[in-house]
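Okay, structure first, notes after.
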Amino acid sequence: MAQALLEQIINGTMMGSIYMLVALGMVLIYGVMHVLNFAHGVLFMVGGYVCHFFFTQVLDSYLLAILGSMAVLSVIGLALERGVFRRLRDNLRMQVIASLGLILVIQNGVIAIWGPNALQMRITTTDIRVPIGELSFTLQHFLIIGTVGVTVTAIWLFLTRTRIGTALRATSQNAEAAQVVGIDANRMYVASFLIGCALAALGGALLGPLFLIFPTMGDLPLLKGLAAIIIGGMGSIPGAIIGGLGIGIVEAVSTLYIPTDFRDTVVFAALIAVLLLRPQGLFGVRVRGEA
Amino acid sequence: MLEARGLTAGYGGGRIIVDGVDIDARAGEVVTIIGQNGAGKSTLLKGIFNMVPVRRGSVSLDGAEVFDQRPDRLLAGGLAYIPQNHSIFPKLTVAENLRMGGFLLRDQRLLVERIGEVEAMFPILVERRDEYAAGLSGGEQRMLEIARTLLMAPKVIMLDEPSIGLAPRLVDQVFQTVRTLAEQGKAMLMVEQNVKKALAASDRGYVLELGQVKLHDRADRLLADDRTAQLYMGARPGGTAPSAEAPEGRP
Ligand SMILES: Nc1ncnc2c1ncn2[C@@H]1O[C@H](COP(=O)(O)OP(=O)(O)OP(=O)(O)O)[C@@H](O)[C@H]1O
Ligand SMILES: [Mg+2]
């Protein structure tokens, strides 16, 4: 039993790390721009494809392929922010419609380019096994956990220790006040979209080789990331981080007690329970803007 | 120092809120704008600071036309604005709030030096440096807003109802601070509902009605003027703003 529990905790931490990347990106964009970007999951997916492309066609280095994918997605993010979301500022309904539309456009674009079938990406870290007691995991599991750990720590330090990072948090807490201290909102929008899309790309590039790369690979990470930021309290960055990790671990451990098919149900049951008991989320405040 | 001519401002939809207002504030002066709720006082300040979607007219700062400049450029040019709604960052610490006040200062040494100066002016901010700004009382939050503004060493400060929601003792303290800043040579332009105390602390005043200047005079004359008294004293005994429910004190 302890073995099985350990196994699921490690699996859950791995998946939770992926959810964390998605949730952190979404919450940054939401906090600064008030855009709930439902297209975040397809950006994650495109990140997987672009990484696969770079790895198989161009670079033959997984690390460079990941960085290349993050760079490409940053540019796509920039274009989406400029071309779509900035124009729809303060228009929540249109933003939702636009992001749902983007899902269709991007998903069909990917199918047009790469076809509907899953792609496989063979890298050494998925072949190497790491034994822990009687268990064994792929090295990729730990690569994911480690990379996300380092990345999230770096983002956290950026947000708390740097001038621009603090300005990002300031903008998400009080946009009018940010304007009167001279923070240019447009620059903050760009920064949040850039970081958010790069994180989504990183997620897709890390998960792709472990499972497969396919047009709907971002759907579940999107839903879990969304659940994470709601459970964590809309707009709360620590909430998104802990929420993402927590969801990964809870759903993995739940498979020990209930059939695997109900894994997603457990997450959404937890979401509903949090909403009933603590509507502002675990780390949220009751009303946006009020402390 | 600060001069607006024929300033017209609104939020779109065809309705003009501020209608051709001429107003100015000179160095060393406290100028107060009074007027009923909805008269357009806040919109006037926002209009000067280029934060409303519809505006016409001219705004000059130290003789230079700045009407088209973005808020961050205005701030860099010496015009600061403290809005009516609390403009602190609730989940940044007091120290981080101060640092954000100097966001546009590229020179970090200068920023640290100026933070030292304003902390000397407002000791409470040193005491609570590492706490979230949300934990400060209403009066302390106002002080933080004023202190934060000073980091850019502005020549003109516009304050929208700085005394709103404060206990009488703190109202006096805020107006005292405003006077002190004027004595240091800044031009202070404030909007107030607390008519008596505000005019008592001012050099000149404007009465705004339906987006237009109805009266403009020396503050002492306005205080004595029957029309001002009739319009504002009776309606608001003691001059306390209607939303002043919570006196000073921490939760
Ligand atoms: N963001 C906005 N969008 C549309 N209309 C607005 C907006 N803000 C204010 N108004 C309208 O502009 C008018 C003037 O508002 P303003 O806030 O300038 O008045 P005020 O004199 O500051 O009043 P108060 O004493 O209540 O602060 C009001 O009719 C208000 O409804
Ligand atoms: Mg007002």
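The values are calculated or read from the model by the stated rules, or taken from the named source; none is laboratory data. If you're wondering where the values come from, they're calculated on a predicted model, not measured in any experiment. Cβ: placed from backbone, ideal geometry, glycine included. Neighbour counts: every protein chain shown.
From the list B:Pro71, B:Pro123, B:Pro53, B:Pro90, which residue is of a type outside the set (S, T, N, Q), more than 10 Å from chain A (Cβ to nearest Cβ), out of contact with any strand residue (DSSP E or B) (no Cβ under 6 Å at 6 or more places or on another chain) and under 15 Å from A:Glu176 (Cα atoms)?
Step by step, each of B:Pro71, B:Pro123, B:Pro53, B:Pro90 is checked, and only B:Pro53 is of a type outside the set (S, T, N, Q), more than 10 Å from chain A (Cβ to nearest Cβ), out of contact with any strand residue (DSSP E or B) (no Cβ under 6 Å at 6 or more places or on another chain) and under 15 Å from A:Glu176 (Cα atoms).
Given the conditions (1) within 19 Å of A:Gly203 (Cβ to Cβ); (2) assigned to a loop (DSSP other than H, G, I, E, B), report the number of the one that A:Gly68 does not fulfil.
(2)
Can you pull out the residues in the range B:1-20 that are within 16 Å of B:Ile33 (Cα to Cα) and basic (Lys, Arg)?
B:Arg5
Give the residues of the range B:11-50 that are small (Gly, Ala, Ser) and either in contact with a strand residue (DSSP E or B) (Cβ under 6 Å, 6 or more places away or on another chain) or away from ligand 1 (no atom under 11 Å from the Cβ) (or both), sorted by residue number.
Passing the criteria: B:Gly12, B:Gly14, B:Gly20, B:Ala25, B:Ala27, B:Gly28, B:Gly35, B:Ala39, B:Gly40, B:Ser42, B:Gly47.
Inside the range B:160-220, counting only strands (runs of 3 or more DSSP E) that do not spill past its ends, which hold 2 or more residues that are closer than 21 Å to B:Arg142 by Cβ?
B:187-191
Could you tell me whether the range B:71-82 includes any residue that is surrounded by 19 or more Cβ atoms within 10 Å (Cβ to Cβ), of a type in the set (Val, Ile, Thr) and under 17 Å from B:Gly6 (Cα atoms)?
No: the range B:71-82 contains no residue that is surrounded by 19 or more Cβ atoms within 10 Å (Cβ to Cβ), of a type in the set (Val, Ile, Thr) and under 17 Å from B:Gly6 (Cα atoms).
Which residues, counting only those in the range B:28-49, are farther than 17 Å from B:Ala9 by Cα and of a type in the set (Gly, Ala, Ser)?
B:Gly28
For the range A:32-58, which residues satisfy the criterion of being surrounded by fewer than 24 Cβ atoms within 10 Å (Cβ to Cβ) and closer than 30 Å to B:Phe89 by Cβ?
A:His34, A:Leu36, A:Phe38 - these are the residues of the range A:32-58 that are surrounded by fewer than 24 Cβ atoms within 10 Å (Cβ to Cβ) and closer than 30 Å to B:Phe89 by Cβ.
Among the residues of the range B:3-10, is any near ligand 1 (Cβ under 9 Å from one of its atoms), touching a residue at least 60 places away in the same chain (Cβ under 8 Å) and more than 16 Å from the chain's Cα centre (by Cα)?
Checking the range B:3-10: not a single residue is near ligand 1 (Cβ under 9 Å from one of its atoms), touching a residue at least 60 places away in the same chain (Cβ under 8 Å) and more than 16 Å from the chain's Cα centre (by Cα).
Name, by its number, the condition in (1) more than 14 Å from chain A (Cβ to nearest Cβ); (2) of a type in the set (A, V, I, L, M); (3) closer than 27 Å to B:Phe49 by Cα that does not hold for B:Val112.
(1)
Among the residues of the range A:169-187 satisfying the criterion of being at the interface with chain B (Cβ under 7 Å from one of its Cβ atoms) and assigned to a helix (DSSP H, G or I), which is farthest from B:Met51 (Cα to Cα)?
Only one residue tops the list, namely A:Arg169.
Applying the selection to the range B:169-199, what residues are in contact (Cβ under 8 Å) with a residue 60 or more places away in the chain and over 27 Å from B:Glu209 (Cβ atoms)?
Matches in the range B:169-199: B:Arg169, B:Leu170, B:Glu183, B:Gly185, B:Lys186.
Would a scan of the range A:214-223 turn up a residue that is touching a Phe, Trp or Tyr at 6+ places or on another chain (Cβ under 7 Å), within 11 Å of another protein chain (Cβ to nearest Cβ), within 30 Å of A:Leu276 (Cβ to Cβ) and part of a helix (DSSP H, G or I)?
no
Which condition number does A:Leu271 fail, the rest of (1) farther than 18 Å from A:Trp156 by Cα; (2) touching a His at 6+ places or on another chain (Cβ under 7 Å) being met?
(2)
Against the condition on the phi > 0 side of the Ramachandran plot and within 14 Å of chain A (Cβ to nearest Cβ), how does B:Gly78 come out, does it pass?
For B:Gly78, the condition - on the phi > 0 side of the Ramachandran plot and within 14 Å of chain A (Cβ to nearest Cβ) - is met.
Need the failing condition index for A:Phe211 against (1) assigned to a helix (DSSP H, G or I); (2) modelled with pLDDT under 95; (3) more than 14 Å from chain B (Cβ to nearest Cβ), just the number.
(1)
Of the numbered conditions (1) over 13 Å from B:Val30 (Cα atoms); (2) at pLDDT 95 or above; (3) of a type outside the set (Ser, Thr, Tyr); (4) within 16 Å of ligand 1 (Cβ to nearest atom), B:Pro154 fails exactly one; give the number of that condition.
Every listed condition holds for B:Pro154 apart from (4).
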